[in-house]
């Protein structure tokens, strides 16, 4: 896919203290708010729309522990939504401690690997209070998580961690019907943790908002 516009970020979402263990605490009610982004946040062509968001932990001060990337692409009967949750990203903050390297979070990577275990994770498409579709959970790409090491001579080096090619992403997909707005929700253990509101009509394919559901952050929409 080629997009001529730059793809920006919006700070949004939340995670638990254990990183993506965020997915186990029930969400608090949130109201939508539109932020003035300080960095790029969306990119779109007539039949494609992309929205990126930060994912924050629940603890205060809240840190970015993972990233969300959503792509909505028009299809014959509506649109297909792909949401990728990743433990890597330019704004991701590592866990506390000497070994962590900016741009990655090893705890989040470990949590993401558990999302396809059993029936814990569900992806539902809603129009109002009615479920109109069911999505899927997929394994994402594998990549090394860098760590910092102190050599015997006192030199600090960054290198790949023990699981050099472990999965660092999980992907959620869902078909969004034509004819207006629909909400795609990703739940873990019965609690909604990621929500995307999509608008698909004859002349528009758009992700209205993308956010992790938390006690601290309300959804942020595309400008």
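The values are calculated or read from the model by the stated rules, or taken from the named source; none is laboratory data. Just so you know, these numbers come straight off a predicted model, no measurement behind them. Here Cβ is always computed from backbone atoms with ideal geometry, including for glycine, and neighbour counts include all displayed protein chains.
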Checked the range 139-190 for anything out of contact with any strand residue (DSSP E or B) (no Cβ under 6 Å at 6 or more places or on another chain) and modelled with pLDDT of 90 or more; matches are 179, 180
Out of (1) assigned to a strand (DSSP E or B); (2) out of contact with any helix residue (DSSP H, G or I) (no Cβ under 7 Å at 6 or more places or on another chain), the one residue 119 does not meet is (1)
* Go through the residues of the range 128-137 one by one and say whether even a single one is at pLDDT below 85 and surrounded by fewer than 16 Cβ atoms within 10 Å (Cβ to Cβ). => no
Among strands (runs of 3 or more DSSP E) completely within the range 1-94, the ones holding 2 or more residues that are at pLDDT below 85, under 18 Å from the mean Cα position of the chain (by Cα) and farther than 20 Å from residue 107 by Cβ are 42-45
Filter the range 75-115 for residues that are in contact with a helix residue (DSSP H, G or I) (Cβ under 6 Å, 6 or more places away or on another chain) and farther than 29 Å from residue 177 by Cα; the one that is surrounded by the fewest Cβ atoms within 10 Å (Cβ to Cβ) is 95
A careful count of residues in the range 172-190 that are touching a helix residue (DSSP H, G or I) at 6+ places or on another chain (Cβ under 7 Å) and surrounded by fewer than 17 Cβ atoms within 10 Å (Cβ to Cβ) gives 1
Report task. Check the range 194-212 and report whether any residue there is over 24 Å from residue 73 (Cβ atoms) and at pLDDT below 95. Result -> no
Check: Would it be correct to say that residue 122 is on the phi < 0 side of the Ramachandran plot and at pLDDT below 90?
Finding: no
